[in-house]
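S.K.: Here it is, the structure, as structure tokens.
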Amino acid sequence: MNRARLARWWFAGTLLVSLLAMLLPLPRVLEPFKPYWPALVLLYWTLEAGDRVTLGLAFALGLGADLLDGVLLGEQALRLTALVFIALRFRSRLRFFPMWQQTLAVLALLVNDRILLLVVRAFAGESLPPLAWWISPLVGAALWPFLFLLLDDLRMRLRIQ
Amino acid sequence: MGPEASSPLFTGSVAGTLRLIFYLALAMVLMVLDHRNGWLWRVRYNAAVVVEPLYKLAGLPSAGMHALGVAFADRKLLTDQNRQLREDLLLANAKLNRMAAVAEQNQRLKELLDTRHNLTLKVQLARVVGVDLGAYRHRLMLDVGAHQGVKAGQPVIDAHGVMGQIVQVLPSTSVMMLVTDPDSAIPVVVERTGLRTVAYGSREGGQLTLPTIPRAADVKAGDHLLTPGIGGRFPPGFPVGEVASVAPAATGTFLEAHADPSADLDRSQDVLLLHDLAAPVGPPALAPEVGPADSLAPAASPVAPARATTPAAGAGR
């Protein structure tokens, strides 16, 4: 029981930390390089504990991110729901990909996420973002192996299923 | 998604798709409602109990970095900074002393003219909380909010000029929009010629755009832009920016100028909130009762007779 509770806290804690990481300011030069942390952490949990991650959870996390980040209520909820849906659909395949293929898949998912964001922003009447805006998915994908291994290692150490 | 994991082929995929459609539709409804009514901030104001500690938490690292920077700063650097600040203070004080007499005189003359502009300012110091509110949004979070008497629309300045204005207020934090935000527009007057125009934020980079300058107008690179005091938001006379370049606009009917903001938008840690909004310019307010009650009063103040002529003074200006 204790272990199950620890697992739940660990799960919620990583998601909360990902939201905080999203709020962390970076120096202006590095700003376009900031990866979309909630998506990365959520992807990790989708692959590793697919029964725990549902569309509802993704939606709720997205709403929380929207409340914090405050661009448009529902924007990140939409993006994360779509992301988790695709990841859940291909979960059984993604899990057994070698790391480099998985990284490519994550890149594709993050780029897809950016395209969704672009569509939403275009509908909201905003202008096209600069080219540097597209760097973030690349950074996110480059960080993916390290994030995956780190979270996996921590999970093993805590002996959480 | 449990059933899908056990038999990954078909079971549950229809239900999953339906659920996806449901959530996507929900998100879209939320977005449309929020875009139309902007009630995200009302929701957030109510959720502030949860949200504000998170902001504080997220702001900790940058505050810590700042503290570390101070703690480990070079002694020489600090000494230099200190000397620089002393010199600045000395200079500013000297200027102030000279200005005080002029200001006094100005005040008296203005009292004679019965204008309601005054030079005194009521300000409140605020700190910038290091929180990232989404990339490419020119907004800053401040550590004062409704509990400290902050209201939306208050101008924010730093030592060098106008930074922006408060757009959203939470109980103990608030969000300001920089003058370089694409949504921002601020009336300005060119110091050299007195030309009035509007400075908008620009979409790319931290510059101001002035897209509607008449072609015949005399605007040069290097001109200083000040707040004119029109519009009732910003008090008159604060520097806004310096014109960097002027060129014919794409439409051909106007000149378009780009200006660099005067304020240190990237580096300011401490900012000032102005409490007195500018007195609205235009026809003066209705003169208070000038009936018998005022005139029969035994010369309460020397200003009273002047006030009766306020409309004439306004028209003369």
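The values are calculated or read from the model by the stated rules, or taken from the named source; none is laboratory data. Predicted model, so just to flag it, every value in this text is computed and none were measured. Heads up, the Cβs are rebuilt from the backbone with ideal geometry, glycines too, and the neighbour counts pull from every protein chain shown.
S.K.: Report yes if residue A:60 is crowded, with 19+ Cβ neighbours inside 10 Å, more than 15 Å from residue A:145 (Cβ to Cβ) and not polar (S, T, N, Q), otherwise no. Give the derivation first.
M.R.: Values: crowded, with 19+ Cβ neighbours inside 10 Å: no; more than 15 Å from residue A:145 (Cβ to Cβ): yes; not polar (S, T, N, Q): yes.
No, not satisfied.
S.K.: Of everything in the stretch A:27-42 that's out of contact with any Leu (no Cβ under 7 Å at 6 or more places or on another chain) and either facing another protein chain (nearest Cβ under 7 Å) or part of a helix (DSSP H, G or I) (or both), which residue is surrounded by the most Cβ atoms within 10 Å (Cβ to Cβ)? Even if it seems obvious, please write down each step before you answer.
M.R.: Going through the stretch A:27-42, the residues out of contact with any Leu (no Cβ under 7 Å at 6 or more places or on another chain) turn out to be A:27-33, A:37.
If we keep only those that are either facing another protein chain (nearest Cβ under 7 Å) or part of a helix (DSSP H, G or I) (or both) as well, we get A:28-33, A:37.
On the way: A:28: 11, A:29: 7, A:30: 10, A:31: 14, A:32: 18, A:33: 15, A:37: 22.
The extreme case among them is A:37.
S.K.: Would a scan of the stretch A:85-98 turn up a residue that is loosely packed, with under 13 Cβ neighbours inside 10 Å and among the aliphatic types (A, V, I, L, M)?
M.R.: At the first step, the residues of the stretch A:85-98 found to be loosely packed, with under 13 Cβ neighbours inside 10 Å are A:93, A:95-96, A:98.
When the remaining residues are screened for being among the aliphatic types (A, V, I, L, M), the result is none.
No: the stretch A:85-98 contains no residue that is loosely packed, with under 13 Cβ neighbours inside 10 Å and among the aliphatic types (A, V, I, L, M).
S.K.: Out of the residues in the stretch B:17-64 that are among the small types (Gly, Ala, Ser), free of Cβ contacts under 8 Å to residues at least 40 places away in the same chain and more than 7 Å from every other protein chain (Cβ to nearest Cβ), state the one that is farthest from residue A:123 (Cα to Cα). Walk me through it before giving the result.
M.R.: From the stretch B:17-64, those among the small types (Gly, Ala, Ser) are B:25, B:27, B:38, B:47-48, B:58-59, B:62-64; that's our starting set.
Narrowing further to those that are free of Cβ contacts under 8 Å to residues at least 40 places away in the same chain: B:25, B:27, B:38, B:47, B:64.
The next check asks that each one be more than 7 Å from every other protein chain (Cβ to nearest Cβ); those that pass are B:25, B:38, B:64.
Numbers: B:25: 15, B:38: 15, B:64: 39 Å.
Residue satisfying both the conditions and the ranking: B:64.
S.K.: Also, quick follow-up: Name the one entry in B:45, B:55 that is among the hydroxyl-bearing types (Ser, Thr, Tyr) and at pLDDT 80 or above. Outline the logic, then answer.
M.R.: Working: B:45 fails: at pLDDT 80 or above.
Result: B:55 is the single residue among B:45, B:55 that is among the hydroxyl-bearing types (Ser, Thr, Tyr) and at pLDDT 80 or above.
S.K.: How many residues, within the stretch A:108-147, are more than 11 Å from every other protein chain (Cβ to nearest Cβ) and touching a Pro at 6+ places or on another chain (Cβ under 6 Å)?
M.R.: Final tally of qualifying residues: 6.
S.K.: Within the stretch B:56-83, can you find the residues that are closer than 20 Å to residue A:20 by Cα and among the charged types (D, E, K, R)?
M.R.: B:56
S.K.: So, one more: Looking at the stretch A:120-134, is at least one residue surrounded by fewer than 12 Cβ atoms within 10 Å (Cβ to Cβ), of a type outside the set (A, V, I, L, M, F, W, C) and closer than 23 Å to residue B:31 by Cα?
M.R.: Within the stretch A:120-134, the subset surrounded by fewer than 12 Cβ atoms within 10 Å (Cβ to Cβ) is A:122, A:125, A:127-128, A:131.
Imposing the further condition that a residue be of a type outside the set (A, V, I, L, M, F, W, C) reduces the set to A:125, A:127.
After this cut, where a residue has to be closer than 23 Å to residue B:31 by Cα as well, the list is A:125, A:127.
Within the stretch A:120-134 (the criterion being surrounded by fewer than 12 Cβ atoms within 10 Å (Cβ to Cβ), of a type outside the set (A, V, I, L, M, F, W, C) and closer than 23 Å to residue B:31 by Cα), the answer is yes, since at least one residue qualifies.
S.K.: Mind telling me which of the residues A:3, A:28, A:52 ends up being over 24 Å from residue A:159 (Cβ atoms), modelled with pLDDT under 85 and of a type in the set (Lys, Arg)?
M.R.: On the way: A:3 fails: over 24 Å from residue A:159 (Cβ atoms); A:52 fails: over 24 Å from residue A:159 (Cβ atoms).
Sole residue among the options that is over 24 Å from residue A:159 (Cβ atoms), modelled with pLDDT under 85 and of a type in the set (Lys, Arg): A:28.
S.K.: From the list B:67, B:73, which residue is assigned to a helix (DSSP H, G or I) and free of Cβ contacts under 8 Å to residues at least 60 places away in the same chain?
M.R.: Numbers: B:73 fails: assigned to a helix (DSSP H, G or I).
Selected residue: B:67, the only one of B:67, B:73 that is assigned to a helix (DSSP H, G or I) and free of Cβ contacts under 8 Å to residues at least 60 places away in the same chain.
S.K.: Another question, then. Does residue B:230 fit the bill of being part of a loop (DSSP other than H, G, I, E, B), buried (at least 16 other Cβ atoms within 10 Å of the Cβ), within 24 Å of the chain's Cα centre (by Cα) and among the aliphatic types (A, V, I, L, M)? Break it down into steps so the answer makes sense when it comes.
M.R.: On the way: part of a loop (DSSP other than H, G, I, E, B): yes; buried (at least 16 other Cβ atoms within 10 Å of the Cβ): yes; within 24 Å of the chain's Cα centre (by Cα): yes; among the aliphatic types (A, V, I, L, M): yes.
Spelling it out, residue B:230 is indeed part of a loop (DSSP other than H, G, I, E, B), buried (at least 16 other Cβ atoms within 10 Å of the Cβ), within 24 Å of the chain's Cα centre (by Cα) and among the aliphatic types (A, V, I, L, M).
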